[in-house]
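Below is one structure, written out as structure tokens; the observations come after it.
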């Protein structure tokens, strides 16, 4: 009996695409025991662009961020981060790649035994940077998130919003090429959320960093898509309709392990898909 | 309550699934134990963390190790004196305490204290770090948690348990000496010379090899349970 050969899917990404895109997911699937969370998702994050990921709780949004960093390996498919296939790399090699990507975890994930200064400067300490240089850069980045006065505090002494801002400071201190935000405004009050969103917009517009943002709060992503950072006023300002400023922001929606929308704000608000319309209403 | 209701809350797994899980645990533990040693020969090495852990494990456990071995030595002398006096052999108490403490009880008691105090502490600390995503954050920041967290704890435990055992042995002998001289009226010089002369190289060697093995097991088991934590903070107790 001749066993029929399995059909092999043609590669959907070329080497050139991978160089242009900071993150590429190519037919990625992952399951936990019998629960298939992602069932073959594909998308690209071009350099300089921000992409907001939406989906109901448990749809695998946070998993996408962890897989992009190689913290979890998919059961199927390929993930290219900064042009390297993280699904094929050894853990030892991934450490080098991860230094070029910043991540802000859902609950901040600050090291509770270290002071803010050591949390924020952790990466620099690992790289053997001098103490004076670490102090200077930590203060600079804490000034960016407007928390310079917390430098000697422990994470337990900070409020939830302050912890998120410290986590952002830790993620951006080495000016990574890409930033991953996992629900950075989750559980925060509207005022603090706006401060966090402003910081993300500031990072995007001032340093042109690409980012993947997981969020449940549609208004945060809409704010990001409709505002840009004004360095003069040190605040974000709404983008004038028909103006020359283009915000590099796209949206991706997951449903039952599949990508059901990947596009710009205009496409999102004019979609005919009932589920998406209900989701964004 | 019917038996069916009671059993409905219990999750049964097949014997093959149970065996698979156990074998997988052994495999994961073996890999962790091997990596903790291999990392000693790889850069970067976290000597500051080793020193910090030595302070926590060594100096932190010192009072309780010394106290427990001291009172064990004293109790050993006191209890054996009752039996030995029937044969008029109370002079060998020094030998008995010396062999008992140096060969067996010193390393075992020091190991038990460090296991109870530090191994469980390592498991809960690393478990909390897993649950609060601090281990993921560490990996995301380009640090190998095995090198940063596991190897320093294993090295510190092995080294400090060795020295704790030496100090504990001395305190055990001292406890026996105090009981022998104060309660049993023995000459302290006789006790110490008996205790000293009865020890041969193999006794001391065996007594000092054990803490190295115990320390390695205590630290790696603590780290393994910590790093294999799943679920919420409650799972750090399991």
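Filtered by the rule that a residue be over 28 Å from residue B:59 (Cβ atoms) and part of a helix (DSSP H, G or I), the stretch B:152-195 gives B:180, B:181, B:182, B:183, B:188, B:189, B:190, B:191, B:193, B:194. Which residues, taken from the stretch A:79-92, are crowded, with 19+ Cβ neighbours inside 10 Å, touching a residue at least 60 places away in the same chain (Cβ under 8 Å) and away from chain B (no Cβ under 14 Å)? If the condition is that a residue be crowded, with 19+ Cβ neighbours inside 10 Å, touching a residue at least 60 places away in the same chain (Cβ under 8 Å) and away from chain B (no Cβ under 14 Å), then A:80 is the only one that fits.
The single condition among (1) within 30 Å of residue A:99 (Cα to Cα); (2) surrounded by fewer than 24 Cβ atoms within 10 Å (Cβ to Cβ); (3) modelled with pLDDT of 95 or more that residue B:167 does not meet is (1).
One line per residue, one yes/no per condition, for (1) over 26 Å from residue A:25 (Cα atoms); (2) outside the structural domain of residue A:162 (by TED's automatic domain parsing); (3) part of a helix (DSSP H, G or I):
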| site | (1), (2), (3) |
| --- | --- |
| A:185 | no, yes, no |
| A:192 | yes, yes, yes |
| A:195 | yes, yes, yes |
| A:198 | yes, yes, yes |
| A:201 | no, yes, yes |
| A:206 | yes, yes, yes |
| A:211 | no, yes, no |
| A:221 | no, yes, yes |
| A:228 | yes, yes, no |
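Looking for something within 12 Å of chain B (Cβ to nearest Cβ), crowded, with 17+ Cβ neighbours inside 10 Å and touching a helix residue (DSSP H, G or I) at 6+ places or on another chain (Cβ under 8 Å) - is there at least one such residue anywhere in the stretch A:46-62? Lay out the reasoning, then the answer.
Just the residues of the stretch A:46-62 that are within 12 Å of chain B (Cβ to nearest Cβ), to begin with: A:62.
Subsequent filtering for residues that are crowded, with 17+ Cβ neighbours inside 10 Å retains A:62.
Narrowing further to those that are touching a helix residue (DSSP H, G or I) at 6+ places or on another chain (Cβ under 8 Å): none.
So far as the stretch A:46-62 goes, no, none of its residues is within 12 Å of chain B (Cβ to nearest Cβ), crowded, with 17+ Cβ neighbours inside 10 Å and touching a helix residue (DSSP H, G or I) at 6+ places or on another chain (Cβ under 8 Å).
Of the residues making up the stretch A:126-145, just one is in contact (Cβ under 8 Å) with a residue 40 or more places away in the chain and assigned to a helix (DSSP H, G or I), namely A:144. Look at residue A:265 and say whether it is farther than 20 Å from residue A:68 by Cβ, surrounded by fewer than 18 Cβ atoms within 10 Å (Cβ to Cβ) and in contact (Cβ under 8 Å) with a residue 60 or more places away in the chain. Criteria not met by residue A:265.
Inside the stretch A:146-176, residues that are more than 14 Å from chain B (Cβ to nearest Cβ) and not in a helix (DSSP H, G or I) make up a count of 8. With respect to residue B:67, is the statement that it is at pLDDT 95 or above, in a helix (DSSP H, G or I) and either closer than 30 Å to residue B:149 by Cβ or touching a helix residue (DSSP H, G or I) at 6+ places or on another chain (Cβ under 8 Å) (or both) true? So residue B:67 fits the description; yes. Within the stretch A:93-116, the residues that satisfy the criterion of being more than 8 Å from chain B (Cβ to nearest Cβ) and either free of Cβ contacts under 8 Å to residues at least 24 places away in the same chain or surrounded by fewer than 19 Cβ atoms within 10 Å (Cβ to Cβ) (or both) are A:93, A:97, A:100, A:113, A:114, A:115.
The values are calculated or read from the model by the stated rules, or taken from the named source; none is laboratory data. Please read all numbers here as calculations on a predicted model, not as lab measurements. Note that each Cβ is placed from the backbone with ideal geometry, even for glycine, and that neighbours are counted across all protein chains shown.
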